[in-house]
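Taking it in order: structure first as C-alpha cells, then the write-up.
Values quoted throughout were computed directly from the atomic coordinates according to the rules given, and no laboratory measurement underlies them. Here the structure is a predicted model, which is why all the values come from computation and not from measurement. Here the Cβ is made from the backbone with ideal geometry for all residues, glycine too, and neighbour counts use every protein chain on show.
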Amino acid sequence: MGLRAWTRGKLGWGGSGADLPIQELRFTVLDTEWTGLDPRRDDIISIGALHMQGSRIELGNTFQELVKPRAILDGRTVVIHGITPSELETRPTIDEVLASFTDFVAGTVLVGHCLSLDLGFLNRDARRSRRVPFRNAAVDTLSLFGWLRRRSLEHRAFTLELPAPSLFDLAAAFEIPVEESHSAIGDAYVTAQLFQRFLPLLQQAGVGSLSGLRRVGDPRRQLANLAASDGHTHF
C-alpha cells in the first residue's frame, strides 16, 4: 500500500464542537520521531508536544517521552535523530505512552508540520492498543503555508518554490532559531513558533476561528505532496 493511501486510511479526522475564535482555542503542537518511514514495519521512538493558548506558547506545559519500539532502529535514522538503541531499552512501550499522551491532548486542536504522518503512526498504534484513535481537530502548518503562499503575501518566505518545504526551510525563512533539529520536543517548539507567525497573517486574511483554520490547514491537503516526495519533509 502506498504512503498516501495508508495515511488517508489511518487518520482520524474528527469533528469538534463550538466554532471558537482562535484566541480561545487550546492547541497541542506535536512532533514524533520514528525508526523509519515505512508504516508497515517502523515505529514511533519519541513524542514531543507542548500547549498553546491562542497564540501564546506555554513553555511550562510540555510532553516528551522516548518510546521503546518493536522495530529495529535503522542506523541511517540514528544519524538523523541521534537516538540510540541503548537509550530506548528501558523506556515505556507505545501502549503505555499513549495513555498519558491521550490525556495531554484532550480537548485541544492538534498542530504539526506534515501532521498527517504523525497522526497516521499515532492512530495505527492506538488501534493496535485497542484505544480510540485521535479525533481531535487537526491543523497542518505546511497546509497553512501553502494557503498563505497562494495569496502572494509580501514576505520573502512565500517566495520559496519548494512544493513541500521542510520545517527547517520555513524556520530559516521566518528567522526562527533551531537549536536542536530532529528532537521531537525541539521540533514541536519550532513548529509552535512557525504557527505563531502564521496566526496574525491568517487573521488578516479573514481566518479567525476554528472552522477557518480547519478549512485552510487541513492535513489531508499535503498527502499528494508527501506521496510525491520522500515522505516526512522534516524527518
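Structure summary
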item	result
Under-5 Å amide H pairs with SER46, H placed in peptide plane, nonlocal only	GLU33, VAL67
Principal axis dimensions, the range 91-199 - Cα atoms, whole angstrom, descending	47, 28, 23
Ordering of 131-139, 50-58, 96-104 by packing [mean C-beta count within 10 Å, highest first]	131-139, 50-58, 96-104
Nearest-0.05 FRET efficiency for ASP38 and ARG130, computed from C-beta distance (R0 30 Å)	0.85
Table column - 3J(HN,Hα) (Hz), the range 154-161, Karplus curve with 6.51, -1.76, 1.60, x for Gly and Pro	8, 8, 4, 4, 7, 8, 4, 9
P(r) histogram, all alpha-carbon pairs of the range 32-148 included - 5 Å bins from 0, percent	2, 10, 20, 23, 20, 14, 8, 2, 0
Net length gained if the chain between GLU175 and THR102 were fully extended (0.36 nm per residue, minus Cα distance)	23.1 nm
From phi via Karplus (6.51, -1.76, 1.60), per-residue ³J(HN,Hα) for the range 107-112 in Hz, x at Gly/Pro	x, 10, 8, 7, 10, x
Placed amide H near VAL111: partners under 5 Å, 5+ positions off or other chain	THR28, VAL29, LEU30, VAL139
